[in-house]
Number of protein chains: 4
Amino acid sequence: MPLPPHLYTLADYARAAQARIDPAVWAWLEGASGDGAARRREEASFAAHALLNRPLADLRGGHTRRRLLGLELAHPVMLSPLGYHGLVHPEGELATARGCLETVMTVSTMASQPIEAIAQVAAGPLWFQLYVQPRREDTLRLIRRAEAAEARAIIVTLDTPAQPASPQALRAGFAIPRGVEAVHLSGFAPAPEASGGWYNPALSRLTAAAPGWDDMAWLRDQTDLPLLAKGMSRVDDAARLMALGWDGLVLSTHGGRAMEGAAAPLTLLPAMRAALGADRAILLDGSVRTGADVFRALALGADAVMIGRPQLHGLGVGGALGVAHMLKILREELELAMVLAGCATLDAIGPDALIGG
Amino acid sequence: MPLPPHLYTLADYARAAQARIDPAVWAWLEGASGDGAARRREEASFAAHALLNRPLADLRGGHTRRRLLGLELAHPVMLSPLGYHGLVHPEGELATARGCLETVMTVSTMASQPIEAIAQVAAGPLWFQLYVQPRREDTLRLIRRAEAAEARAIIVTLDTPAQPASPQALRAGFAIPRGVEAVHLSGFAPAPEASGGWYNPALSRLTAAAPGWDDMAWLRDQTDLPLLAKGMSRVDDAARLMALGWDGLVLSTHGGRAMEGAAAPLTLLPAMRAALGADRAILLDGSVRTGADVFRALALGADAVMIGRPQLHGLGVGGALGVAHMLKILREELELAMVLAGCATLDAIGPDALIGG
Amino acid sequence: MPLPPHLYTLADYARAAQARIDPAVWAWLEGASGDGAARRREEASFAAHALLNRPLADLRGGHTRRRLLGLELAHPVMLSPLGYHGLVHPEGELATARGCLETVMTVSTMASQPIEAIAQVAAGPLWFQLYVQPRREDTLRLIRRAEAAEARAIIVTLDTPAQPASPQALRAGFAIPRGVEAVHLSGFAPAPEASGGWYNPALSRLTAAAPGWDDMAWLRDQTDLPLLAKGMSRVDDAARLMALGWDGLVLSTHGGRAMEGAAAPLTLLPAMRAALGADRAILLDGSVRTGADVFRALALGADAVMIGRPQLHGLGVGGALGVAHMLKILREELELAMVLAGCATLDAIGPDALIGG
Amino acid sequence: MPLPPHLYTLADYARAAQARIDPAVWAWLEGASGDGAARRREEASFAAHALLNRPLADLRGGHTRRRLLGLELAHPVMLSPLGYHGLVHPEGELATARGCLETVMTVSTMASQPIEAIAQVAAGPLWFQLYVQPRREDTLRLIRRAEAAEARAIIVTLDTPAQPASPQALRAGFAIPRGVEAVHLSGFAPAPEASGGWYNPALSRLTAAAPGWDDMAWLRDQTDLPLLAKGMSRVDDAARLMALGWDGLVLSTHGGRAMEGAAAPLTLLPAMRAALGADRAILLDGSVRTGADVFRALALGADAVMIGRPQLHGLGVGGALGVAHMLKILREELELAMVLAGCATLDAIGPDALIGG
């Protein structure tokens, strides 16, 4: 399908997507916990930092390449794991993967297409996002499938099992339609019933099955792939995890869908980088919408950023081409910010390129 | 009456209630002093604190139980004293009491049903809210009735005698309708006329009858029930009161109805907790609307929170069932926040779970 | 004329006045320099301070009396000088003076009624506001008229000669209508033409005729009445003026009409009080709209406040009765704030009754 | 053409211009990078500083004259370089130059009229704005033309080669119409193709042709005219450039058109002045819309300010007369601010005339 006109920014993509996507699906995609405060907090965290321009630097041959966990990426904008791409495009993740040029697509445990099929058509490297399963053998099966499909790293999501449906999605009566399903989980054991404890039975079951620190050590022993944790915000937790041999973190609020009132990742980033040092990977996910946002995240310590909702905006508006174009916009905006800030490479982007206010 | 659909948050309850409650009663319920700045200040005080998530903690068997002043409560969300429940439901406080599951309902001196009748149907323990009366024998009668009805604590409101009708209520022509009255005060002596002093005669009468420090000592001698003061904001006053043997405080602006421009309780909370130590009860009342708000209050030092207007929203929308459902929403939101923050119990919720901004 | 219903706050008076006053006059009255930033800054300066309540104080016989410059005022809310009351009421300042109960009305040099006539009907003491005239004999005539009319103090406005018409007034085509004039200036010499200097000829004439420090010393020698300066904002200037024997200051932005972007008086107040000590009078004028605002000003160091536009709101809505009622609202709101803050007298209102935010 | 009524402020001019200028041209003129955050940041930077008034100073013979780089200007408000004046007026820069009374007009490299023709009709001195060209001989030709036309200084823009079309302009389908062109560049060599490096080919070409530090030294050797750099924000860069013999800086975000999220010049100004000392020229450009804004910029260290979009507002609304009137408004507003702040000359305007908030 050809792209509609006047798509110059990711905000344009969001508007175009809202006009094309089924309202109930849109409510699911855009919904957030409570009144959406976490998303507003994220947006404010970017606006709190202004960029300083720097002319006259020699920028010939500049580029946005990034070495990261064994990959050589053309640019530091990756696709974060999002379930059920089939909700906005008949080919789902297959189309996304075709449009994800020169960077990483992260296949969700909740994908509506199997990682093997995605791998066959993917334009770039894949990562796999793992929800730890109630039974270790199920978790292992997911890891082995990811390895077999040549995923290059695994992001383990530690907090969203407790992610509830958003008020928007509930109000819109959203339900996963027939024909779209989380294919990776087919045949897996559900979490066992658990008694006692929490008033909300879902939480009793969830916390009984939730991974603990011993699972982190066990996971580390199961695979040689790089392992990143998503859903940590405290420095002490992160340091403890790195001491177990993990490779990095994804700072994220899951788009404001999980914890209501959650702290903005950009706010947490400098202290996290200071605590983990330069050798660990830190990715920032959440409300990145412009190249200047990417620049800010990198300046404050991120190795790369991950893009969530806009990938489905692009997919819904233009299929693989929409995904590719959305990434192209961000990539060119990032390059422009680098040129104006006098940074020929990502390594040149540091906190001295920003000023508060 | 069955609950209407799409009640997922307390904001949903407020909207549904506004559509059902008589406009003049709604003006009375939602009105506040002046231009409502105190309520906006309260809301901003919650938004100023973001939550930090913490996965991997062992949360099996987690719970929200709280020991407080001799009670073992299932969760730390209590109903604050509000007069005239009969304005939004024919059974008034009787329906509220039936819906107040596993926590405390506080019966107001201005209740439209007598505490004895409420006690007969209450699903959980009762507290009593006391306005000190002009004549000590009247005050004593109220205390004895509360004791006889097995109220488990008394909240003495110290500041709202000076609470005026809000501009909203005046503009709407609100008046207590025939058939709804403050039954506990039947036959009591009004405050005597007082001359001299204040320009506003109501203030002369009010200040002549207002309780003083000697009354606080006297009250302490009249009952073995725990005594909490509502309407203090200064640390020095609180310390002086605790030295008289009182048991705690309720920090509150009375929903922004009393002092125009009043400080937000959440802002006052950390210093108050530091001054009073861990042994005294501190409850926070005002603009708590989500589980994350409850979490913030507890993290900054509150033992529990009290809910005001939302109980009448629930009552007006769904009677006892509405009250119970409103509390269920908050309780489940609190549990979710605890799970995401890695807190298995309320005691695990501390200031390190929050970050400014 | 009877008062319309639903006048509970000064905001109500403003709305009612807008509905009754001629649009061009309203534009003149409400207009401000530039885009009105100074007024918004003033409003924000009040909102930046929250009040702390304090119950249990003995408030019997409390009052709002204030001794100030030889007067014993019933309350600390005075009428600031405003020209041309005849624009909103046929009797102009005569009606205002009848409604200004138990406090000071300040007669403007630009009044549309002579001070002698105002003095005959005034319900309370008068002050006189003086613009220094190009010829000293004219200035002296004004002072002598004020003395003869038993004005009790003189406010010398030092900055507004440079006050231009507001964009709102210009756009509305406002002009002083026939029959309304600045009667005190009848027959006075205008400022002489002045050449050279400023591009705007009005400023050349104005600065040539503007008073200087020597005039301040001369003025001090001409009268035994207390002298207050309006239009200073710097501590060093104020100290220098007090050293000449002046009695105090009125901190004001002239309702945002004079200097665009002017600092809010409440922001300047604490340092000014610290510099001048307790013996000099400091009045705060500008955007005081509630009793809580009066309380804040007193807490931060003002002896009293002055009310500008609301006096014409009251006058336009209800004549003398409207002025009196407007003052009554503020006075009762102030009393209520004092009772809730545990302050029996104005002297008890201090900075410890406020908290930032 | 006669001026329309009710033009009292630059905001009035903007409104009037929007009603008269072709929508696509308006989109080009008002457009900014991304979502316009840089412009909002600029506006907020002015609002963050309030002015302190100071009466009683002797202001006779006051003036706004400024010696700057060999010129004696009547006031410190200059016209910044803006391309294509022909888009809003048939005579383009010729009309602007006729209306630019007693101050500097800066002729853009992208002007739609040649500097020689502009010089013949200009009411005041000209400066020339230079984009460094891919070939040094082309750059030199521009410099020689500027010298021959008696331009009095050259502003070298260092960052905007990377300025993209704004989303607004793209959406409006803006294109330079036939008959309007950048006449100075006629016959110049375009930047050579460049391979490798940046993903966006335009950036590869741009950075290959972009000036470097050696060009700055070379430029200094080519002319005796004062040289100012536009597009620097860092103190270290500025100091390095001054060490090469340059004369000053123009702090600017190009009206928010270049770097998205750029820091506000007013925020950068105090540190820049402290670093460069009093001998170098620092001009501030961007979102200056009132005399109070000019005052703030001077108080924080600017020698003068430059006005961008409002010159085309004036030109579009009233031709030369509109430009002259727009400048007259600012000039009179600045004078008024000076009189109220007690500053007889620009040198008297210092940081002590401002207060935060």
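The values are calculated or read from the model by the stated rules, or taken from the named source; none is laboratory data. Everything quoted here is computed from the prediction, not taken from an experiment. Cβ: placed from backbone, ideal geometry, glycine included. Neighbour counts: every protein chain shown. Surface areas here come from the heavy atoms of the whole protein model, side chains and all, with no ligands, DNA or RNA. Shrake-Rupley method; radii C 1.70, N 1.55, O 1.52, S 1.80 Å.
Amide hydrogen proximity for A:L249: with H placed 1.01 Å from N in the peptide plane, the residues at 5 or more positions away or on another chain lying under 5 Å are A:A229, A:A281, A:I282, A:L283. The charge dipole of the stretch C:10-356, taken about its Cα centre with unit charges on the Cβ atoms of Lys, Arg (+1), Asp and Glu (-1) only, comes to about 360 debye. Charge tally for A:L276 (other residues, Cβ to Cβ under 13 Å; Lys, Arg +1; Asp, Glu -1): -1. Relative to the compact-globule estimate of 2.2 N^0.38 Å, the Cα radius of gyration of the stretch A:1-157 comes out at 1.23. Sorting B:Y13, B:Y199 by solvent-accessible area of protein heavy atoms yields B:Y199, B:Y13, largest first, with a 1.4 Å probe.
Which percentage, to the nearest 5, of the DSSP beta bridges contained in the stretch B:10-356 is antiparallel?
Working: 6 of 32 bridges.
Of all bridge pairs located within the stretch B:10-356, approximately 20 percent are antiparallel.
Solvent exposure of the stretch D:10-356, expressed per residue, is 34 Å² of accessible area, with all protein chains present and a 1.4 angstrom probe.
With a cut-off of 13 Å between beta carbons, the residues surrounding D:A299 carry a summed charge of -1, where Lys and Arg count +1 and Asp and Glu -1.
For C:R240, the solvent-accessible surface with a 1.4 Å probe is about 130 Å², rounded to the nearest 10.
Let me confirm one metric for peptide D:189-196, namely the mean number of other chain beta-carbon atoms within 10 Å of its residues' beta-carbons. Don't skip to the answer; put the middle values down first.
On the way: counts 0, 0, 0, 0, 0, 2, 1, 4.
Per residue, the number of nearby Cβ atoms from other chains is 1 on average.
Could you please report the charge total around A:R60, scoring K, R as +1 and D, E as -1 over all other residues with beta-carbon less than 14 angstrom from its beta-carbon? Summing Lys/Arg as +1 and Asp/Glu as -1 gives -4.
When the accessible area of the stretch C:200-357 is computed with all protein chains present and a 1.4 Å probe, what percentage of it is carbon and sulfur? The partial results should precede the final answer.
Values: 2160 of 4120 Å².
That share works out to 52 percent.
Largest to smallest in accessible area, the residues B:I154, B:I176 fall in the order B:I176, B:I154 (1.4 Å probe, all protein chains included). Legend: calculated FRET efficiency, C:E193 to C:R141, from the Cβ-Cβ distance at R0 = 25 Å, rounded to 0.05, equals 0.65.
What fraction, in whole percent, of alpha-carbon pairs in chain C exceed 28 Å separation? Distances greater than 28 Å cover 41 percent of the Cα pairs.
Computed extension length for D:A175-D:A217: 11.5 nm, one decimal, from 0.36 nm per residue of separation with the Cα-Cα distance subtracted. Rounded to the nearest 500, the 222 nm mean residue ellipticity of chain D from helices alone is -12000 deg cm²/dmol, with -39,500 (n - 2.57) taken per DSSP H run of at least 4 residues. If you look at the Cα atoms of the stretch D:226-357, you get an Rg and a Dmax of 15.3, 43 Å.
Between B:R40 and A:A275, take the C-beta separation as r, use R0 = 51 Å, and let me know the FRET efficiency to the nearest 0.05. Intermediate values should be presented prior to the final figure.
Values: r = 37 Å, r/R0 = 0.72.
Once rounded, the FRET efficiency stands at 0.90.
Label points for C:L3 are taken 7 Å from Cα along Cα→Cβ. From this copy to the others they lie 4.6, 4.6, 6.5 nm apart, shortest first.
The listed residues B:R60, B:R145, A:R273, C:R171, once ranked by accessible area (1.4 Å probe) with the largest placed first, stand as B:R60, C:R171, B:R145, A:R273.
What percent antiparallel are the DSSP beta bridges of the protein assembly as shown, to the nearest 5? Before the final figure, lay out each step's value.
Numbers: 24 of 130 bridges.
Roughly 20 percent of the DSSP beta bridges within the protein assembly as shown come out antiparallel.
Accessible surface buried by the A/D pair amounts to about 3200 Å², both sides summed, 1.4 Å probe. The eigenvalues of the Cα gyration tensor, multiplied by 5 and square-rooted, give the protein assembly as shown an equivalent ellipsoid with semi-axes of 53, 53, 24 Å from largest to smallest. Take C:D22: with every protein chain present and a 1.4 Å probe, its accessible area is about 80 Å². Of the whole protein surface, C:S233 contributes about 10 Å² of accessible area at a 1.4 Å probe radius.
What are the label-to-label distances in nm, one decimal and shortest first, from B:P192 to the same spot in the other copies, with labels 7 Å along Cα to Cβ? Ordered by distance, the counterparts are at 7.4, 7.4, 10.5 nm. Ascending distances from the C:G70 label point to its copies in the other chains, with the point 7 Å along the Cα-to-beta-carbon line: 6.6, 6.6, 9.3 nm.
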